[in-house]
Amino acid sequence: MYKEAYELIKNSKSIVLISHVNPDGDALGSSLAMLPVLKKMNKKVRVVNVTKDLPSNLDFLPGFKEVKRELPKNYDLIISFDCGSFDRLGIETKEAKIINFDHHISNTRYGDINLIEPDFSSTGEVVYKFLKKNCIEIPKESALCIYTALVSDTGFFQYESVNERVFLMASELVKLGVEPDFVAKMLNEREPLSKIRLIAKILDTLTLYLDAKVAVVKLTQKMLKETGANISHAENASNMARSLATVEVGVLLREEEDGRIKVSLRSKNYVDVSKIAKMFGGGGHKRAAGFTSRYSEFESVLKELLEALKKEL
Ligand code: 5GP
Ligand code: MN
């Protein structure tokens, strides 16, 4: 499959690298990792993400400024990254062939070639395997992007997906010139005041349910307006809710611009939140998953969710 994907790339002229809406470090990192590789192969390449405000803490990734919101006029191959279902790419067309690089167990396999590794730490690790399998030299810029993808999706080597293979990859990326302290500082030590103000407001809503095993926090559009923060600044709120000693599942209920409610789920030890997210039309991983609710009032979303969680706790 990895060889087949490489053949398809070799036989394409104009390639789009695209990741899911509201991208994280893994989504943007893994797509940008392929940019210098394809440029070296003399391909016409465009990196696309339809999101208006990309997370500014990812602006150090080589190629970040080249990311466009629109597809080019002509292209013959789409490579998607870190995206479990086609609709989360935010594009209409499905004319060109698709290679689907991902690590979500819930991936709907919408590609013509699907490189899905549910046991992998990150989509960045899938890109790394692709480069290794095809004996492609890893450019320094790509190493930085893959390392960023890796630490973004493992919370800096914290989660169950972290194993010896992950550390061996990290070791090679460092050998190729990645400076771990630089990446950590870029990602974590450049917070805008608006984000801290927003987090204070979100944490103020924290409520415990089901014997304090579930912690729920809320984000409204009003909070975004009051603080001047944007939606990506709330990324960590569900992790914070989970971090409480008694809590197994942390939940963020987020009001979107269009009034719909996006639910982020994080579990600690035993609840498979991807199973829960799937029940409501979403997806993700065992310990991190999400969905957009059919309800648009917090109370209804929460009632339905708590009923589902009760059975798993
Ligand atoms: P987050 O809570 O950070 O938005 O997402 C956590 C994980 O669940 C990510 O891996 C993300 O791709 C997945 N996820 C979040 N929302 C959705 C959704 O609406 N549909 C699907 N398929 N996956 C989602
Ligand atoms: Mn990922």
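For the stretch 224-308, the tally of Lys pairs with Cα-Cα distances below 26 Å comes to 13, considering only residues 8 or more apart or on different chains. Largest GNM mean-square fluctuation across Glu70, Glu299, Glu125, computed for the chain with C-alpha springs under 10 Å, falls on Glu299.
For the stretch 2-188, relative contact order (Cα pairs under 8 Å, six or more residues apart, normalised by length) works out to 24 percent.
Partner aspartates and glutamates whose Cα lies under 15 Å from the Cα of Lys195, excluding those fewer than 8 positions away in the same chain, are identified as Asp53, Asp204, Glu226, Glu235. Each Cα pair under 8 Å and six or more residues apart adds its separation to the average, and for the chain the resulting relative contact order is 13 percent. The dipole here belongs to the chain: it is taken about the Cα centre, uses +1 on the Cβ of Lys and Arg and -1 on the Cβ of Asp and Glu, and is about 480 debye.
Considering only Ala200, Ser171, Val67, the residue lying farthest towards the positive end of the dipole of the chain is Val67, judged by Cα position with unit charges set on Cβ. Computed over the chain with a Gaussian network model linking Cα atoms closer than 10 Å, the most mobile of Arg109, Arg197, Arg242 is Arg197. Give the relative contact order (percent, whole number) for the stretch 175-313; include only Cα pairs under 8 Å separated by 6+ residues. Once normalised by length, the contact order is 16 percent.
For Glu137 and Asp53, a Förster radius of 35 Å and the Cβ-Cβ distance give a FRET efficiency of 0.55, rounded to the nearest 0.05.
Asp87 to Ala245: FRET efficiency via 1/(1 + (r/R0)^6), r the Cβ-Cβ distance, R0 35 Å, to the nearest 0.05?
Values: r = 37 Å, r/R0 = 1.07.
That gives a FRET efficiency of 0.40.
Couplings for the stretch 26-40, taken from phi via the Karplus curve 6.51 cos²θ - 1.76 cosθ + 1.60 with θ = phi - 60°, read 6, 4, 5, x, 5, 5, 5, 4, 7, 4, x, 5, 6, 4, 4 Hz in order; Gly and Pro are left as x. Backbone phi angles across the stretch 169-175, fed through the Karplus curve with coefficients 6.51, -1.76 and 1.60 (θ = phi - 60°), yield HN-Hα couplings of 5, 4, 4, 5, 5, 5, 4 Hz in residue order; Gly and Pro are listed as x.
What does the charge dipole of the stretch 193-312 about its Cα centre add up to, to the nearest 20 debye, if the Cβ of each Lys and Arg holds +1 and the Cβ of each Asp and Glu holds -1? Provide the component values of the computation, followed by the final result.
Details: 21 positive and 15 negative charges, 62 e Å.
Dipole of the stretch 193-312, to the nearest 20 debye: 300 debye.
Extending 7 Å from the Cα toward the beta-carbon at both Met41 and Asp119 defines two label points whose distance is 2.7 nm.
Within the straight-line cut-off of under 16 Å between alpha carbons, the aspartates and glutamates reachable from Lys43 are Glu7, Glu66, Asp76, sequence neighbours fewer than 8 places apart in one chain being disregarded. Computed extension length for Ala96-Lys310: 72.7 nm, one decimal, from 0.36 nm per residue of separation with the Cα-Cα distance subtracted. Gain on full extension, evaluated as 0.36 nm per residue between Lys65 and Thr220 minus their Cα-Cα distance, stands at 52.8 nm.
Counting Lys and Arg as +1 and Asp and Glu as -1 over every other residue whose Cβ lies under 11 Å from the Cβ of Tyr270, the net charge comes to +1. Legend: residue pairs Lys68/Lys97; Lys13/Lys40; Lys73/Lys133, Cα-Cα distance threshold 23 Å; pairs beyond threshold, Lys73/Lys133. The loop-placed GluC sites (Glu not before Pro) in the stretch 202-275, going by DSSP, that have at most 11 neighbouring Cβ atoms within 10 Å of their Cβ come out as Glu257. Taking other C-beta atoms within 10 Å as the exposure proxy, Ser106, Ser194, Ser19 rank Ser194, Ser106, Ser19 from fewest upward. Between Leu17 and Arg46, Val47, Val48, Ile79, the built amide H atoms are under 5 Å apart, and every one of these is 5 or more places off in sequence or on another chain.
Where both residues lie in the chain, what percent of DSSP beta bridges are antiparallel, nearest 5?
Here the share of antiparallel DSSP bridges comes out near 40 percent.
Sequentially through the stretch 276-281, phi angles give Karplus couplings (6.51, -1.76, 1.60; θ = phi - 60°) of 5, 4, 4, 4, 9, x Hz, Gly and Pro residues having no value and appearing as x.
No value in this document is a laboratory result; all are computed from the given coordinates. Please read these numbers as outputs of a predicted model, since none were measured by experiment. FYI the Cβ positions are ideal-geometry reconstructions off the backbone, even for glycines, and counts take in every protein chain you see.
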